[in-house]
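Visitor: Below you'll find the structure I mean.
Just so you know, all these numbers are worked out from the coordinates, no wet-lab data involved. For clarity, every value in this text was computed on a predicted model and none was experimentally measured. Here the Cβ is made from the backbone with ideal geometry for all residues, glycine too, and neighbour counts use every protein chain on show.
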Amino acid sequence: MMDKKLINEFEMLLGKDRVLSETEELLCYSYDATSKDFMPDVVVFPLDAEEISKIVKLCLKYNTPVVGRGSGSGFSGGSLPLKGGVVVSFTKMNRILELDEENMFVTVEPGIINADLKNYLSERGYFYPPDPASYEFSTIGGNVAECSGGPAAVKYGVTKDYVAELEVITGEGEIIHTGSKAVKNVSGYNLTELFSGSEGTLGLFSKITLKILSKPEANSLILVSFNDINNGFNAAISLLKLRNRPSMLEFMDKSSIESVKSYFKSDIIRIEGNFLFIIEADGSQAEVDKSIGEYEKILKEFSPVSLFSSSSTGEKKEIMEARKAISPSLRKYGDLKINNDIAVPINKIPTMLLFLEETSKLYNIPVINFGHFGDGNIHVNIMLDKKDIEMVKKGEKAKYDILKKTVELGGSLSGEHGIGLEKKEFMKLKYSDYYMNILKNIKKAFDPQNIINPGKIF
Amino acid sequence: MKDRVKYKNIDKSYLDCVHCGKCLSGCPSYVANLNEFYSPRGRVRLILTDDADKLPLRAPKVSETMSSCLLCGRCVKICPNGVKIDKLIIDEKIRLNELTGHVFSIDKFALKALKNKRKVLLKSALEIGNIPIIEKLSRRYAPKPEGKSFISNKDLAFNAIFPINESLGKNVFKVGYFSGCVFNSIYPQISVDTIISLTQNGIDVFVPKTQGCCGLPFISSGDIKSFRELALNNVRAFKDKEIHYIVTSCASCAYSINKLYPLYFNANEDEYAEIKQFSEKLLNIWSFFKELEKKGVNIKSGELKKETEVVFHAPCHLSNMPEFKPASSNENLIGEAGFIADKINGLKLKPLNHNYCCGNGGMFNIRHYNLSKKITSRKFEEIKEASPQEVLTSCSGCMFSLKDQKGILEGSERLPVRHLISVYAQSLKELKE
């Protein structure tokens, strides 16, 4: 149990309104989008860097863990208070601090919702590309901590490619500033990039400066399906070689198509085949029209089962809603989901998908796959029945096999969700003890007392 | 642990919650608080924990978050796993009410007056709580919700007359009109305008005197007994009349009757068949006009003498018929209501960018006035962006919230708020003149 004195000190610092310590309230901060839960001892809502610094210093004094949290929508347990302690909720730090139109940067507080920032920029003709499936409710702070990516990554990259500057409170409660708005910046180690994807283990962000682009004038979608996986694969590879490569190249396997079929409401969108791609072209209207024509021509050479293109807002929205609904709608295949977001080199995708099919057969459990073809990122969902202990064991084995194969193929354990709690025991598949020690020493440099989000990654 | 929540939930859809967080940004009470204790996901977790008896939870604390749910249903629409969050919360409120319902409070007194159609008592219950000295005293002796209640509005017309009509004419189409308590007691002119709009289109309208409140304020306070009594009273008021449909101009009444009536009567009860039939017969006014159009009835167009730019606030409880497909730009903007907007020459509909909630939520507005106004302020941000001359809507609750602009709009600036049906009635009249 936590020292009552610490709660009192928080109340003195922030006021009672910004400190939660009743069981009923804490319960609402005990989970994220994984199936694990841990109760915090207290939840605090800071409003600026000074307050966060004081919070961390109090945690040091009482030797209490401190974990940052945005919307709690992560898939690796990054915001879970594994060892209890203090949850720092950033939701009340959600302002846009500066739009620098000359240099094309926007500076925000970490609690702003990705979609709110996108809307703000869009109204002014700008564009912030990273678009995790959770972008309508996840925060920018969480996105940076997990280095989130989404469909746009194939053309525009992931969160880290947009983070220019960070204001961070370290594990010693010190406020540091990393990065620069200058495009060229080689002056010491690149801490900005180190923090992007550090899963909240090195410090707490209080200010984030992001690079922005001019908004593309138009976009159109193609929905295409194939019966033969190799045909689909070769078609996609050809699209990626184009100079005007797609701004999205998502795929779904047969089982994920099934799970979201009901989301397609229009009669015009008919889904057939075993393997489906959602392809987007963006740019000026002329560029989009040209690209869509070119893509269609290429796709037709690989005998698709169905091909449908759309520039209507309603249809595009419907298609994207269906894409975003896959992950949560898998619930019907089982109440326990082992969610892996492996990434492999693109040319290894067919090998991997074949392996996944075999694994599903070997253990006789549903394995549902979809993801971002253009960046090799596959969401592998092993669906289990929580109460069936034998099945859960088989699921864990399948997970091990899949991650092992991923490493063998030269891939990554996690493309965008992070290691967190969910995959930490698999790090040894990829990294030596020596390598892991380097990571631990880096953490020590920022957080010598190991109070910032302890127990994650390693 | 005397106040421990001990009743068991019937609906188990909370087991389908994967706590993805998708519901957060849609929930008006979460967005206003930015505290997950006030989120759909948080409420579902509390109900689940309570049901599993995992942790001792305290009823008053759980009540705090349940009563700050507006029952707007946005989370239900967003949820990819079909968790019936509104039903779960109502069930929880029913259990909490059984534990704490005996405590006297001014809002409960007001509900009592409403149920018994004691207008004078209702008015005084709501007004009395706004007198500062009484407010101070009442906190001690008769708990009253925070802040002022909507009754501080000057335009309430408690004494206005509601148009009863219990005989039917010879027209082919015959409907019943269900007013709901607000368009009966407080804004009866909206009832008059609805009936005019119907009769002018050649429809006979039956308006029974004995109809009352739809029951939503009661079930949203966990008082299932009164809810069921009121439901049965309304069913009986329209019983045995040869009418094709029952029409209401209040979106929340339609939500209550269409969605909740069949949920809170069991299929094996004697009254179930009547309740279900009544529930299926009731349509919101916009769905009804679309239905008429489908049947080949020509709906009259009207004309406003002065061209008016408006926005339409689509109530959270307003739903279109499942097979509805927008056929005009107005229908694209606001759904079935756009069909009537199309019929009003001189009405220029401007879009609202987000369609935020108005913040009313029935008893929510009375119990959490300050929070409610915070949500209303956000609504007015998007209204101001559109800079309309008038704000239109079609729900009694939304009208209350949208009219309460003090402290939201600057100084003495006020935006007129009307029911779209009143504008339609006006356009029919002005065309003739």
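Visitor: Mind listing the phi-derived Karplus ³J(HN,Hα) values for region A:236-249, rounded to whole Hz, using 6.51, -1.76 and 1.60 with θ = phi - 60°, and x for any glycine or proline?
Guide: Values per residue, Gly and Pro as x: 5, 4, 5, 5, 5, 7, 5, 5, 8, 5, x, 8, 7, 8 Hz.
Visitor: Show me the trypsin sites (Lys or Arg not before Pro) within region B:338-382 that DSSP assigns to loop and that have at most 12 other Cβ atoms within 10 Å of their Cβ. Spell out each step's value before the answer.
Guide: Details: sites: B:Lys343, B:Lys348, B:Arg367, B:Lys373, B:Lys374, B:Arg378, B:Lys379; in loops: B:Lys343.
Taking region B:338-382 and a limit of 12 other Cβ atoms within 10 Å, no loop trypsin sites (Lys or Arg not before Pro) are found.
Visitor: I would also like to ask the following. Note down the magnitude of the dipole of the protein assembly as shown about its Cα centre, charges +1 on Lys and Arg C-beta and -1 on Asp and Glu C-beta and zero elsewhere, to the nearest 20 debye.
Guide: Numbers: 120 positive and 110 negative charges, 433 e Å.
That gives a dipole near 2080 debye.
Visitor: Okay, next question. Would you work out the relative contact order for region B:290-433, in percent, from Cα pairs under 8 angstrom that are 6 or more residues apart? Mind showing how you got there, number by number?
Guide: Numbers: 209 pairs, mean separation 46.7, N = 144.
Relative contact order comes out at 32 percent.
Visitor: Please work out the Cα convex hull volume for chain A and give it in Å³ per residue. Before the final figure, lay out each step's value.
Guide: Working: hull volume 69.3 nm³, N = 458.
Spread over its residues, the Cα hull of chain A gives 151 Å³ apiece.
Visitor: Work out the FRET efficiency for A:Lys424 and B:Glu242 from their Cβ-Cβ distance, taking R0 = 56 Å, and round it to the nearest 0.05. Write out the running numbers ahead of the final one.
Guide: Numbers: r = 71 Å, r/R0 = 1.27.
Here the calculated transfer efficiency is 0.20.
Visitor: By how many degrees, 0 to 90 and rounded to 10, does the Cα axis of helix A:49-61 deviate from the longest principal axis of chain A?
Guide: Taking Cα atoms only, the helix is inclined about 60 degrees.
Visitor: In the calculated pair distance distribution of the protein assembly as shown, what percentage of Cα-Cα distances lie above 50 Å?
Guide: Working: 92517 of 396495 pairs.
Above the 50 Å cut-off, the protein assembly as shown has 23 percent of its Cα pairs.
Visitor: Can you work out the base-10 log of I(q)/I(0) for chain B at q = 0.06, 0.07, 0.08, 0.12 1/Å, using the Debye formula on its C-alpha atoms alone?
Guide: Ignoring solvent entirely, the Cα scatterers give -0.24, -0.33, -0.44, -1.04.
Visitor: Follow-up. Which ordering of B:Thr393, A:Thr159 is given by a fewest-first count of other beta-carbon atoms within 10 Å? Intermediate values should be presented prior to the final figure.
Guide: On the way: B:Thr393 25, A:Thr159 28.
Final ranking by Cβ density, sparse to dense: B:Thr393, A:Thr159.
Visitor: B:Lys84's amide H: which non-local residues (gap 5+, or another chain) put their own amide H closer than 5 Å, with H modeled 1.01 Å from N in plane and none for Pro or chain starts?
Guide: It is B:Ser13, by chain and number.
Visitor: What area, in nm² and to one decimal, does the C-alpha convex hull of region A:272-311 cast on average over all directions? It would help to have the intermediate numbers written out before the result.
Guide: Details: hull surface 11.5 nm².
In nm², the orientation-averaged hull projection of region A:272-311 is 2.9.
Visitor: While we're on this one: Taking every DSSP beta bridge with both residues inside the protein assembly as shown, roughly what % is antiparallel (nearest 5)?
Guide: Details: 66 of 99 bridges.
Antiparallel bridges: around 65 percent, rounded to the nearest 5.
Visitor: Right, here's the next one. Ordered by residue, what ³J(HN,Hα) values in Hz, to whole numbers, does region B:293-298 give under the Karplus form 6.51 cos²θ - 1.76 cosθ + 1.60, where θ = phi - 60° and Gly and Pro are x?
Guide: For region B:293-298, the Karplus-derived couplings read 4, 4, 7, x, 7, 7 Hz, x marking Gly and Pro.
Visitor: Roughly how many Å is it from the Cα centre of region B:285-306 to that of region B:231-268, as a whole number?
Guide: Cα centroid of region B:285-306 versus Cα centroid of region B:231-268: 23 Å apart.
Visitor: Taking each pair of distinct Cα atoms in region A:218-328 once, what is the resulting Kirkwood hydrodynamic radius in Å? Walk me through the intermediate numbers first.
Guide: Working: mean 1/r = 0.0716 Å⁻¹.
Evaluated over region A:218-328, this radius sits at 14.0 Å.
Visitor: Out of residues 5 or more away from B:Arg118 or on other chains, whose amide H comes under 5 Å of its own, with H placed 1.01 Å from N in the peptide plane?
Guide: The answer is none.
Visitor: Still on this structure, I have one more. Using the Kirkwood formula on the Cα atoms of region A:96-214, what hydrodynamic radius do you get, in angstrom to one decimal? Mind dumping the intermediate values first?
Guide: Values: mean 1/r = 0.0704 Å⁻¹.
Evaluated on region A:96-214, it is 14.2 Å.
Visitor: Next question, about the same structure. Relative contact order of chain B: what whole-number percent is it, with Cα pairs under 8 angstrom and at least 6 residues apart?
Guide: Numbers: 733 pairs, mean separation 66.9, N = 433.
Averaging sequence separation for qualifying contacts and normalising by length gives 15 percent for chain B.
Visitor: Also, quick follow-up: Which whole number gives the average count of other chain Cβ atoms within 10 Å of the Cβ atoms across peptide B:19-32?
Guide: If you average over the peptide's residues, the count of other-chain Cβ atoms is 5.
Visitor: Magnitude of the Cβ-charge dipole of region A:218-328, K/R +1 and D/E -1, about the Cα centre, nearest 20 debye? Don't skip to the answer; put the middle values down first.
Guide: Working: 14 positive and 16 negative charges, 25 e Å.
Charge dipole, region A:218-328, about its Cα centre: 120 debye, nearest 20.
Visitor: Could you give the angle, 0 to 90 degrees to the nearest 10, between helix A:349-363's Cα long axis and the longest principal axis of the Cα atoms of chain A?
Guide: Compared with the principal axis, the helix lies near 80 degrees.
Visitor: Follow-up question, since we're still on this one. Might you report the magnitude of the Cβ-based charge dipole of region B:299-432 about its Cα centre, with Lys and Arg at +1 and Asp and Glu at -1, to the nearest 20 debye?
Guide: On the way: 19 positive and 15 negative charges, 79 e Å.
That gives a dipole near 380 debye.
Visitor: Computed from the mean reciprocal separation of all distinct C-alpha pairs, what Kirkwood hydrodynamic radius does region B:288-433 have, in Å?
Guide: After inverting the mean inverse Cα-Cα distance, the result is 16.0 Å.
Visitor: Summing -39500 (n - 2.57) over the DSSP H runs of n ≥ 4 in chain A and dividing by its residue number, what mean residue ellipticity at 222 nm do you reach, to the nearest 500 deg cm²/dmol? Kindly include the intermediate steps, with their values, before the conclusion.
Guide: Values: 15 runs with 161 residues, N = 458.
When only DSSP H runs of four or more count, the value is -10500 deg cm²/dmol.
Visitor: Now for a separate question. Only sites in a loop by DSSP and with at most 16 other Cβ atoms within 10 Å count here; which GluC sites (Glu not before Pro) in region B:164-257 make the cut?
Guide: B:Glu166, B:Glu242
Visitor: Among DSSP bridges having both ends in chain B, what percentage is antiparallel? Round to the nearest 5. Write out the running numbers ahead of the final one.
Guide: Working: 2 of 27 bridges.
Around 5 percent of the beta bridges assigned by DSSP in chain B are antiparallel ones.
Visitor: How much length would be gained if the chain were fully extended between A:Glu294 and A:Met104, taking 0.36 nm per residue of separation minus their Cα-Cα distance, in nm to one decimal? Mind showing how you got there, number by number?
Guide: Values: separation 190, 0.36 × 190 = 68.40 nm, distance 3.15 nm.
Here the segment from A:Glu294 to A:Met104 would lengthen by 65.2 nm.
Visitor: Related question: Using the beta-carbon distance between A:Asn119 and A:Leu82 and R0 = 35 Å, what value does 1/(1 + (r/R0)^6) give for FRET efficiency, to the nearest 0.05?
Guide: Values: r = 34 Å, r/R0 = 0.98.
The value I calculate is 0.55.
Visitor: Additional query: Report, by chain and number, residues whose modeled amide H sits under 5 Å from the one on B:Lys348, excluding near sequence neighbours (fewer than 5 apart, same chain).
Guide: When sequence neighbours closer than 5 places are left aside, the close amide H contacts are B:Thr308, B:Glu309, B:Val310.
Visitor: What value, in deg cm²/dmol to 500, does the helix sum -39500 (n - 2.57) over DSSP H runs of n ≥ 4 give at 222 nm once divided by the residues of chain B? Mind showing how you got there, number by number?
Guide: Details: 20 runs with 188 residues, N = 433.
After summing the helix terms and dividing by residue count, I get -12500 deg cm²/dmol.
Visitor: Please state the relative contact order of region A:7-141 as a whole percent: Cα pairs under 8 Å, 6+ residues apart?
Guide: Details: 229 pairs, mean separation 27.9, N = 135.
Relative contact order, region A:7-141: 21 percent.
Visitor: Which loop-located trypsin sites (Lys or Arg not before Pro) does region A:187-274 contain, where loop means any DSSP state but H, G, I, E or B and the Cβ has at most 16 other Cβ atoms within 10 Å? Intermediate values should be presented prior to the final figure.
Guide: Values: sites: A:Lys207, A:Lys211, A:Lys241, A:Arg243, A:Lys254, A:Lys261, A:Lys265, A:Arg270; in loops: A:Arg243, A:Lys265, A:Arg270.
Here the sparse-neighbourhood loop sites are A:Arg243, A:Lys265, A:Arg270.
Visitor: What does the convex hull of the Cα atoms of region B:284-328 come to per residue, in Å³, rounded to a whole number? Walk me through the numbers on the way to the answer.
Guide: Values: hull volume 5.0 nm³, N = 45.
That works out to 112 Å³ per residue.
Visitor: Would you mind computing, in nm to one decimal, how far apart the modelled labels at B:Leu168 and B:Asn353 are, each placed 7 Å from Cα along Cα→Cβ?
Guide: In this crude label model, B:Leu168 to B:Asn353 measures out at 4.9 nm.
Visitor: Further question on the same structure: Explain nothing, just compute: Karplus ³J(HN,Hα) = 6.51 cos²θ - 1.76 cosθ + 1.60, θ = phi - 60°, for every residue of region B:173-190 in order, whole Hz, x for Gly and Pro.
Guide: With the stated coefficients, region B:173-190 comes to 8, 10, 10, x, 10, 9, 7, x, 5, 6, 7, 9, 9, 10, 10, x, 4, 5 Hz.
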